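One structure below.
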Amino acid sequence: MRIKVMLFAQYREIVGQSQLTLDLAAGATVATAKEALEKNNPRLNLSGGMAAINEKLAHADAQLKDGDELAFLPPVSGGEADSLLELTTEALEPRLSDLIGWAVAPAYGAVVSFLGTTRSPNKEQRVRFLEYEAYGSMAQKSLAAIEEKLRRERPLGRIAIIHRLGRVHPAEASLLIVVSAAHRPEAFDAARQALEMIKKTLPVWKKEFLESGEVWVEGAVAEEYEL
């Protein structure tokens, strides 16, 4: 089958064209197309970006059909090119290995990742699921401020912070942090500090649905902002 591939920003510059056609075997997936493009263009690394099939975001294992338009989208959130700051309703676990690969570079000797998952039971009750909601525009600015503080206090490489919204079931991840640095102390410290700042200042709220009912979970508050 033949599909149309669209490339943007740095992906377009690396390949030297914004559109191309790709011949793939029947049953090929987004991941198959990614591998083929990277094989044909050794300087191209699509890990850490996103993909869209016919203008709808798609997972790596999404199947392609003849005539589909597949777009590869570089990270669009965050302050620097070496940053990925997001709020999403999509599962985080499938992105972990790609983001670790994205964070690795010859200049960085350490990559630290953190995956925060839903715990059950809690308070001796089974957790059915959690619901997260956010003040979206403010949360995006808050993530950018967290990244800026992390970089101001230590030399870092690449930073990814992705928080999931909506319904999250037990054992599913709600928070993903990946940090790279030249040395391990900076990477560990930055990942830990990012987590603590997120818990105190990110305008994202969690409702816990237990067997006995539902409750908003109160967390820590940054004292300097407390009303």
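I'm checking my understanding of the structure. Among residues of the stretch 208-222 that are of a type in the set (D, E, K, R) and in a loop (DSSP other than H, G, I, E, B), which one is modelled with the highest pLDDT? Spell out how you get there, then give the answer.
Step one: list which residues in the stretch 208-222 are of a type in the set (D, E, K, R), which gives 208, 211, 214, 218.
Of the ones still in play, those that are also in a loop (DSSP other than H, G, I, E, B) are 211, 218.
Numbers: E211: 90, E218: 72.
Step by step, filter the stretch 208-222, then rank; the result is E211.
Kindly provide the set of residues from the stretch 100-114 that are farther than 11 Å from A182 by Cα and either out of contact with any Leu (no Cβ under 7 Å at 6 or more places or on another chain) or among the basic types (K, R) (or both), ordered by number. Before you say what the answer is, go through the steps one by one.
The initial filter retains those residues of the stretch 100-114 that are farther than 11 Å from A182 by Cα, namely 100-103, 112-114.
Hits for the stretch 100-114 are I100, G101, W102, A103, V112.
In the stretch 57-91, how many residues are over 17 Å from V178 (Cα atoms), over 11 Å from the mean Cα position of the chain (by Cα) and modelled with pLDDT of 80 or more?
Residues flagged as over 17 Å from V178 (Cα atoms), over 11 Å from the mean Cα position of the chain (by Cα) and modelled with pLDDT of 80 or more within the stretch 57-91 amount to 15.
Outside any helix (DSSP H, G or I) and either of a type outside the set (A, V, I, L, M) or farther than 18 Å from F188 by Cα (or both): which single residue out of A60, A105, A139 fits that description?
Working: A105 fails: either of a type outside the set (A, V, I, L, M) or farther than 18 Å from F188 by Cα (or both); A139 fails: outside any helix (DSSP H, G or I).
Of the residues listed, the single one that is outside any helix (DSSP H, G or I) and either of a type outside the set (A, V, I, L, M) or farther than 18 Å from F188 by Cα (or both) is A60.
Just wondering, is there one or more residues in the stretch 135-143 that are in the same structural domain as F188 (by TED's automatic domain parsing), in contact with a Pro (Cβ under 9 Å, 6 or more places away or on another chain) and polar (S, T, N, Q)? If you could, list the steps in order and put the result at the bottom.
Initial filter on the stretch 135-143 (in the same structural domain as F188 (by TED's automatic domain parsing)): 135-143.
Now narrow it down to the ones that are in contact with a Pro (Cβ under 9 Å, 6 or more places away or on another chain): 135-136, 138-139, 142.
Imposing the further condition that a residue be polar (S, T, N, Q) reduces the set to 142.
Scanning the stretch 135-143 turns up at least one residue that is in the same structural domain as F188 (by TED's automatic domain parsing), in contact with a Pro (Cβ under 9 Å, 6 or more places away or on another chain) and polar (S, T, N, Q).
Determine whether the stretch 181-196 contains at least one residue that is of a type outside the set (G, A, S) and touching a Ser or Thr at 6+ places or on another chain (Cβ under 9 Å).
At the first step, the residues of the stretch 181-196 found to be of a type outside the set (G, A, S) are 183-186, 188-189, 192-193, 195-196.
Adding the requirement that they be touching a Ser or Thr at 6+ places or on another chain (Cβ under 9 Å) leaves none.
No, the stretch 181-196 has no match at all.
Whether any residue in the stretch 185-200 is surrounded by fewer than 14 Cβ atoms within 10 Å (Cβ to Cβ), of a type in the set (D, E, K, R) and within 17 Å of the chain's Cα centre (by Cα) is what I want to check.
No, every residue in the stretch 185-200 fails to be surrounded by fewer than 14 Cβ atoms within 10 Å (Cβ to Cβ), of a type in the set (D, E, K, R) and within 17 Å of the chain's Cα centre (by Cα).
Only one residue in R167, R128, R184 is under 17 Å from L87 (Cβ atoms) and touching a strand residue (DSSP E or B) at 6+ places or on another chain (Cβ under 7 Å), so which one is that? Walk me through how you get there before you give the answer.
Numbers: R128 fails: under 17 Å from L87 (Cβ atoms); R184 fails: under 17 Å from L87 (Cβ atoms).
Every option except R167 fails the conditions.
Run K200 past the list (1) in contact with a helix residue (DSSP H, G or I) (Cβ under 9 Å, 6 or more places away or on another chain); (2) touching a residue at least 24 places away in the same chain (Cβ under 8 Å) and report the number of the one that doesn't hold.
Among (1) in contact with a helix residue (DSSP H, G or I) (Cβ under 9 Å, 6 or more places away or on another chain); (2) touching a residue at least 24 places away in the same chain (Cβ under 8 Å), K200 violates only (2).
In the stretch 31-43, is there at least one residue being free of Cβ contacts under 8 Å to residues at least 24 places away in the same chain, farther than 17 Å from I177 by Cα and assigned by TED's automatic domain parsing to the domain that holds E147?
Residues of the stretch 31-43 free of Cβ contacts under 8 Å to residues at least 24 places away in the same chain: 35-36, 38-40, 42.
If we keep only those that are farther than 17 Å from I177 by Cα too, we end up with 35-36, 38-40, 42.
Keeping just the survivors that are assigned by TED's automatic domain parsing to the domain that holds E147 gives none.
So far as the stretch 31-43 goes, no, none of its residues is free of Cβ contacts under 8 Å to residues at least 24 places away in the same chain, farther than 17 Å from I177 by Cα and assigned by TED's automatic domain parsing to the domain that holds E147.
Quick test of your reading of the structure: L165 fulfils all but one of (1) crowded, with 17+ Cβ neighbours inside 10 Å; (2) over 14 Å from the mean Cα position of the chain (by Cα). Name the failing condition by number.
(2)
For the stretch 1-30: of the residues being among the polar types (S, T, N, Q) and in contact (Cβ under 8 Å) with a residue 24 or more places away in the chain, which is farthest from F72 (Cα to Cα)? I'd like the intermediate steps shown before the answer.
Step one: filter the stretch 1-30 for residues among the polar types (S, T, N, Q), giving 10, 17-19, 21, 29.
Filter once more, keeping what is in contact (Cβ under 8 Å) with a residue 24 or more places away in the chain: 10, 29.
On the way: Q10: 11, T29: 13 Å.
In this case the residue turns out to be T29.
The values are calculated or read from the model by the stated rules, or taken from the named source; none is laboratory data. Note that the coordinates shown come from a computational prediction; the quantities given were computed from them, not determined experimentally. Heads up, the Cβs are rebuilt from the backbone with ideal geometry, glycines too, and the neighbour counts pull from every protein chain shown.
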